[in-house]
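Visitor: Pasting in a structure now, in structure tokens, and then I'll have a few things to ask.
The values are calculated or read from the model by the stated rules, or taken from the named source; none is laboratory data. Source: prediction; values computed, not measured. Note: ideal-geometry Cβ built from the backbone for every residue, glycine included; neighbour counts use all protein chains shown. Protein only, heavy atoms only, side chains kept; ligands, DNA and RNA dropped before computing areas. Shrake-Rupley method; radii C 1.70, N 1.55, O 1.52, S 1.80 Å.
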Amino acid sequence: MTNPLYDALFGKHAGRMTPFLYLEDGRVVTHASFLAQTAQFAHVLQNAGLVPGDRLAAQVEKSAEALALYAACVQAGVIFLPLNTAYKADELRYFIEDSGARLVVCDGADLDVLTGIAAPLGAGVMTLNADGGGSFAEAASDQPTRFDTSPRSADDLAAFLYTSGTTGRSKGAMLTQENLLSNSETLAEVWRFTSDDVLLHALPIFHTHGLFVATNITLLAGGAMIFLPRFDLDAMIAQMPKATSMMGVPTFYTRLLGDARFTGDLTGHMRLFVSGSAPLLAETHIQFEARTGHRILERYGMTETNMNTSNPYDGARKPGTVGLPLPGVEVKVTDPASGETLPQGDVGQIEVRGANVFRGYWQMPEKTAAELRDDGFFITGDLGRFDEDGYLLIVGRDKDLIISGGYNIYPKEIELVLDDQPGVLESAVIGVPHADFGETVLGLIVPQPGTAPDVDAIQAAAAEALARFKHPRALVIVDELPRNTMGKVQKNILRETYRTQFTPA
Ligand code: MCA
Ligand code: AMP
């Protein structure tokens, strides 16, 4: 038996002395040295008692070593659960407990906090720092550089990614080897990735976009990445001449366009710019082409499905659309009430089916059943329509979701925190337009009768409980919230009111 994901992404590079990662400090990690470190890391997992199917939660800064931790999990058959580095203790506790993680790997600076969370749950904690040091790396240093890859099948789980929900409780999306591999194979082919590619990589590696799209495709094709720790305009502009391709969220593109150094000369040699995770304004697409001559290729995906649609490599890349269904992925637009497929051009809910679609939410059969139909179609919660050429347009969301700088924020999670604060009767959290992040978070608070809530204290409480990117950028006190006849808060009215009345910093 083999391990399809390991074999396709990693194993086949054994002995290749070709560059895999160009790091900011000038170091170059070859495919061979990356695999050697991966094997050493896999030994550490085995020595820690982890067996195939166990979960490892990682909250680590982006580094070559952090990527080797992912590869080691794949090689050892351990389910990889990456966590946003911005998450705070309360958020982390939930993920670690819910997933039943056996080992937590974190930055040395967070060791005490993570130990306080993991120890009572019976999970071990090791450290891996941004510079590649820490107890995990130390334990690996004297381990063999070969590891007997754990046999896995295409149906075995490879990763959990948590995605928040409209109820405020995050759900662990279970992704199999086949989910990840089939999608990488499709994307590498349709986007023409080869071993000559050098991808400019500035995305975080704890989400689908940076890990399962950008990294997996490059690995599959045998190319290299300029692996930046984060998006930094100066670094992007300095590194662009050495790259062939780039993937980013719309904020990357608007920030690049905001810099006069970003010109057609700088990008003339590039072959591909991909955008996703949030809507790319047609205006950004047009400005980008005017500046560089390149047409950004926009695609659409989700944590639960990886990528579903893409504008074509050859042929028209239409601004404001997310392109055509990928080979092997069925996409339909249905009536939310009946589930019936709607005529072309009508707006409905977007459903997808294919080898890319996840196996369900970890230990949440009811939530799985509500979103994943028996016939394999997944109800995305996005609203869209097909144009006359079969291109999909996303026109809205059925789910209450804010996307800020490519990060998903579920208002319910913030409302639960706000509602708990002294003097707050109820709250509503909405997304309002933001020039840099696309959307940003605004909180509306209805005070309890006769009280005047302390807005600063409420902000401080939110800061304590929630990752920075989820913090309301402003809180507004209102008398009441608009409700429909069913008593449901009408967020569309709030969004309409505050998009013009309120411009956050
Ligand atoms: C940082 N901050 C943010 C965000 N990022 N606030 C709201 N939304 C954000 N996205 C906070 C910082 O903590 C900081 O707080 C302040 O905002 C300004 O930070 P700044 O330095 O401007 O931000 P940055 O560090 O440059 O980060 C912005 C970023 C980053 C580059 C857009 O957020 C990013 O890399 N986003 C990509 C997310 C991503 O990979 N999404 C893919 C998900 P303070 O005020 O304390 O200084 S996968 C997905 O969605 C699906 C599957 C798909 O289709 O891909
Ligand atoms: P996530 O939960 O992080 O997987 O985010 C997935 C959601 O991001 C989708 O359901 C869409 O609402 C949104 N999304 C991803 N790509 C695009 C895109 N190109 N245009 C508009 N929305 C997108």
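Visitor: Considering only the stretch 136-175, how many residues are of a type outside the set (A, V, I, L, M) and within 16 Å of ligand 1 (Cβ to nearest atom)?
Guide: 8
Visitor: In this structure, is Ala14 within 25 Å of Glu178 (Cα to Cα), open to solvent by less than 10 Å² (accessible area, probe 1.4 Å) and in contact (Cβ under 8 Å) with a residue 12 or more places away in the chain?
Guide: The answer is no for Ala14.
Visitor: Report, by residue number, each residue of the stretch 413-429 that is of a type outside the set (A, V, I, L, M) and either modelled with pLDDT of 95 or more or surrounded by fewer than 18 Cβ atoms within 10 Å (Cβ to Cβ) (or both).
Guide: Glu415, Asp419, Asp420, Gln421, Pro422, Gly423, Glu426, Ser427
Visitor: How do the pairs read when you match residues in the stretch 458-471 that are open to solvent by 10 Å² or more (accessible area, probe 1.4 Å) and more than 16 Å from ligand 2 (Cβ to nearest atom) with residues anywhere that are assigned to a helix (DSSP H, G or I) and of a type in the set (S, T, N, Q), using Cβ under 9 Å and keeping only pairs 6 or more apart or on different chains?
Guide: Within 9 Å, the pairs are His471/Gln459.
Visitor: Suppose we keep only residues that are in contact with a Leu (Cβ under 9 Å, 6 or more places away or on another chain), more than 15 Å from ligand 1 (Cβ to nearest atom) and free of Cβ contacts under 8 Å to residues at least 40 places away in the same chain within the stretch 240-261. Which one would you say is farthest from Ala130 (Cα to Cα)? Full working, then the answer.
Guide: Filtering the stretch 240-261 for residues in contact with a Leu (Cβ under 9 Å, 6 or more places away or on another chain) gives 240-250, 252-256, 258-259, 261.
Keeping just the survivors that are more than 15 Å from ligand 1 (Cβ to nearest atom) gives 240-245, 261.
Restricting the remaining residues to those that are free of Cβ contacts under 8 Å to residues at least 40 places away in the same chain gives 241, 261.
Details: Pro241: 26, Arg261: 29 Å.
Among those residues, the one meeting the criterion is Arg261.
Visitor: Hey, does the stretch 137-147 have a residue that's under 24 Å from Gln37 (Cβ atoms), open to solvent by 30 Å² or more (accessible area, probe 1.4 Å), in contact (Cβ under 8 Å) with a residue 40 or more places away in the chain and assigned to a helix (DSSP H, G or I)?
Guide: The first filter runs over the stretch 137-147 and keeps only residues under 24 Å from Gln37 (Cβ atoms), leaving 137-147.
Then keep just the ones that are open to solvent by 30 Å² or more (accessible area, probe 1.4 Å); that gives 138-139, 141-146.
With the extra rule that they be in contact (Cβ under 8 Å) with a residue 40 or more places away in the chain, the set shrinks to 139, 141, 143-146.
In the following step, the residues that additionally are assigned to a helix (DSSP H, G or I) were identified as 139.
Scanning the stretch 137-147, I find at least one residue that is under 24 Å from Gln37 (Cβ atoms), open to solvent by 30 Å² or more (accessible area, probe 1.4 Å), in contact (Cβ under 8 Å) with a residue 40 or more places away in the chain and assigned to a helix (DSSP H, G or I), so the answer is yes.
Visitor: Shifting gears a bit: Does Gly381 count as out of contact with any Phe, Trp or Tyr (no Cβ under 9 Å at 6 or more places or on another chain), within 16 Å of ligand 2 (Cβ to nearest atom) and open to solvent by less than 30 Å² (accessible area, probe 1.4 Å)? Don't jump to the end; show me each part of the working.
Guide: Working: out of contact with any Phe, Trp or Tyr (no Cβ under 9 Å at 6 or more places or on another chain): yes; within 16 Å of ligand 2 (Cβ to nearest atom): yes; open to solvent by less than 30 Å² (accessible area, probe 1.4 Å): yes.
So Gly381 passes the test.
Visitor: Of all the residues that make up the stretch 271-283, how many are in contact with a helix residue (DSSP H, G or I) (Cβ under 9 Å, 6 or more places away or on another chain), open to solvent by 10 Å² or more (accessible area, probe 1.4 Å) and more than 13 Å from ligand 1 (Cβ to nearest atom)?
Guide: So the count comes out to 1.
Visitor: Next question, about the same structure. Checking the condition in a helix (DSSP H, G or I) and either within 16 Å of ligand 2 (Cβ to nearest atom) or surrounded by fewer than 20 Cβ atoms within 10 Å (Cβ to Cβ) (or both), which residue from Ala260, Ala290 passes?
Guide: That would be Ala290, the only listed residue that is in a helix (DSSP H, G or I) and either within 16 Å of ligand 2 (Cβ to nearest atom) or surrounded by fewer than 20 Cβ atoms within 10 Å (Cβ to Cβ) (or both).
Visitor: Would you confirm whether any residue within the stretch 328-348 is open to solvent by 10 Å² or more (accessible area, probe 1.4 Å) and more than 23 Å from Gly396 (Cα to Cα)?
Guide: yes
Visitor: Here is a follow-up. Quick one: Thr215 ticks every box in (1) open to solvent by less than 20 Å² (accessible area, probe 1.4 Å); (2) closer than 28 Å to Asp314 by Cα; (3) over 15 Å from the mean Cα position of the chain (by Cα) except a single one, so which number is it?
Guide: The one condition Thr215 does not meet is (3).
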